[in-house]
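Every number here is computed from the coordinates shown, using simple stated rules; none is lab data. Keep in mind the model is a prediction, meaning the values are calculated, not measured. Every residue, glycine among them, receives a Cβ derived from its backbone with ideal geometry; neighbour counts consider all protein chains shown.
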Amino acid sequence: MAVAQRKWSALPVPFAIEVPDRVPKERYYDPAFYRMEADLLWPRVWQMACRLEEIPEPGDFAEYEILDQSIVVVRAEDGSARAYQNACRHRGVKVVEGRGTLESGFTCPFHGWCYGLDGANTFVSQRRTFSEHNLEPGDIDLTAVRCETWGGCAWINLDDDAPPLRDYLEPIASILDAWKVESLRTEWWYACRLPANWKLAQEAFVEQYHVLETHPQLRLPGRYPSRQGSFDPKVFVESELEYLRLMSEGMAGMVHASDVRIAEGLAGIELPDEPRAAMDVWNRTLNHEVTRRHRELGHDMPDINALQDQGINEPMAYCFPHYLVLPMYSSASAYRFRPLGPEETLMEIWSLTRFPVGTERPRPVPPEVWANDDERWPPIPAQDFSNVPRQQKGLHANGFHYMRLSEKNEGHISNYHRVIDAFLAGLPWERLVPAMRSVNVHPLEVPVLDLEF
Ligand code: FES
Ligand SMILES: [Fe+2]
């Protein structure tokens, strides 16, 4: 998975997106396509490697694995997060595994070579038995990997020429900053092994079109005015509360129970009879109350109505290629998708919420990986997971050739696939960055865009 040195001319991409609202099925299982992603996409993209609360103190480290690469992210003495390729410069043993705390730098478990938190080699046992050219200063330090922090996370990039993280993540980074995502902390962390391609897995979550069929319990009467024009504010409020409870069930940060309780406290609210006005009063009152109550508790909480006024009260934020944040009222969920094989994905879900500023939180413990049909999954992800393996199987049907996307509602899927193609074609960063800015947005109900490739 080395970063190839190449001239920037467009390389042919097999199974490329030729018609923007059609996705060739081979992109989800063809081994050569998967290999191209491994060689040309993953070594160049910024990847969410760990949450910063996993490495609170100097010496704390977290291993991040992507494909055949292992990277260690460590908190250095100066408080910064650093990353290194997790391979001893002697004979390649991984210097750490999993998570933990280094008492005095890294010590390789094989022959005891040592490295500081800055990656510098500090000890070679039986040094005189090596020839000089194998111990050149600098050449025996841990190999540094680009590492930057944002949004409560450490991010890594294996490409030394990649743009800075913020340039790469805009405009969604500024929107999530307004949401104060850096103040969110882990409440729980789950993981699922899905028998599906990593792109297929994430596509179960980035459109709204599936919601009524996949999650029938969310079809609630009275949430929207009927065609006959009948609207009862009391039925509307009851439906809103039921919706929030269903979204919250087992999912914590999706709609946090504390916010459901705040909403329930507004059940007796007087609303106008006119539907739009009633919805507006309800939403603004709930936003205001959630903001006020969380601020009273000492949480670093954005003003949700101010976000609404700026047009950024959106329930989902996409960070190309594999990370999503779903802010809802006080809290949020976050998803990360990693390929384990052409037809296997590790999906992680974080429930994130707010705690009084300065509260000490325990280091999050990496989750046990559950199967997609594990009974412990809350209802909504269980429903989403039930479709994914069926879809991966269905794609293989001889008579099925491409997905046909809704040009208006499923455009995000086309858009981010075409950005992947731009990576596989080897386009230079100055062409990739504007394209990424088109997809690092709120992905729901986005149309197919002209990305100018
Ligand atoms: S492989 Fe690390 S000290 Fe030998
Ligand atoms: Fe869903």
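Normalised by the number of residues in the chain, the mean separation of alpha-carbon contacts (under 8 Å, six or more apart) gives a relative contact order of 22 percent. In units of the rule-of-thumb radius 2.2 N^0.38 Å, the chain shows an alpha carbon radius of gyration of 1.06.
Karplus-based coupling profile of region 441-453, in residue order and whole Hz: 9, 6, x, 6, 6, 8, x, 4, 10, 7, 8, 6, 9, with θ = phi - 60° in 6.51 cos²θ - 1.76 cosθ + 1.60 and x standing for Gly or Pro.
Rounded to the nearest 20, the Cβ-based charge dipole of the chain about its Cα centre (Lys and Arg +1, Asp and Glu -1) stands at 600 debye. Shape annotation for region 329-399: C-alpha extents along the principal axes are 58, 24, 21 Å, from largest to smallest.
Between the amide H of Met328 and those of Ser333, distances stay under 5 Å, these residues lying 5 or more places away or on another chain, with hydrogens modeled in the peptide plane.
For region 32-71, the pair-distance distribution built from all alpha carbon pairs, in bins 10 Å wide starting at 0, is 25, 43, 22, 9, 1 percent. Exposure proxy ranking for Leu142, Leu40, Leu449, based on other Cβ atoms within 10 angstrom of each Cβ and starting from the fewest, stands as Leu449, Leu40, Leu142.
Only DSSP H runs of four or more residues enter the estimate; each adds -39500 (n - 2.57), and after division by the residues of the chain the mean residue ellipticity at 222 nm equals -8000 deg cm²/dmol. Value of Rg to Rh for region 389-453, rounded to two decimals, is 1.05; Kirkwood radius and Rg both from alpha-carbon coordinates. Near Thr345, the amide H atoms lying under 5 Å from its own belong to Leu194, Ala196, Leu340; only residues 5 or more places off or on other chains count, and H is placed 1.01 Å from N.
In sequence order, region 301-309 has phi-based couplings of 10, x, 7, 5, 5, 5, 5, 4, 5 Hz under the Karplus curve 6.51 cos²θ - 1.76 cosθ + 1.60, θ = phi - 60°, and Gly or Pro positions carry x. Using a cutoff of 8 angstrom between alpha carbon atoms and counting only pairs six or more residues apart, the relative contact order for region 179-315 works out to 20 percent.
Based only on other Cβ atoms within 10 Å, what is the fewest-to-most ordering of Ile172, Ile312?
Result, fewest neighbours first: Ile312, Ile172.
Working note: Cα gyration tensor of region 47-157, eigenvalues times five, square-rooted, sorted largest first, giving semi-axes of 25, 13, 12 Å.
Here the Karplus curve 6.51 cos²θ - 1.76 cosθ + 1.60, taken at θ = phi - 60°, turns the phi angles of region 47-63 into couplings of 10, 5, 9, 6, 7, 5, 6, 6, 10, x, 10, x, x, 6, 9, 9, 7 Hz, with x standing for Gly and Pro.
Positive end of the dipole of region 216-309 (Cβ unit charges, origin at the Cα centre): among Ser239, Val290, Leu271, the Cα lying farthest that way belongs to Ser239. Within the P(r) computed for region 216-309, what percentage of the Cα pairs occupies the region above 17 Å? Every Cα pair in region 216-309 considered, those over 17 Å come to 54 percent. The count of lysine pairs in the chain that are at least 8 places apart or cross chains, and whose C-alpha atoms lie under 20 Å apart, stands at 4.
Cβ distances below 4.7 Å define possible disulfide partners, and in the chain the cysteines left without one are Cys50, Cys114, Cys147, Cys153, Cys192, Cys319. Compactness ratio for region 16-83: Cα radius of gyration over 2.2 N^0.38 Å (N = residue count) comes to 1.58.
Take every DSSP beta bridge whose two residues both sit in the chain; close to 95 percent of them are antiparallel.
Using Cβ counts within 10 Å as a stand-in for footprinting exposure, how do Leu218, Leu326 rank, fewest first?
Sorted ascending by nearby Cβ count, the order is Leu218, Leu326.
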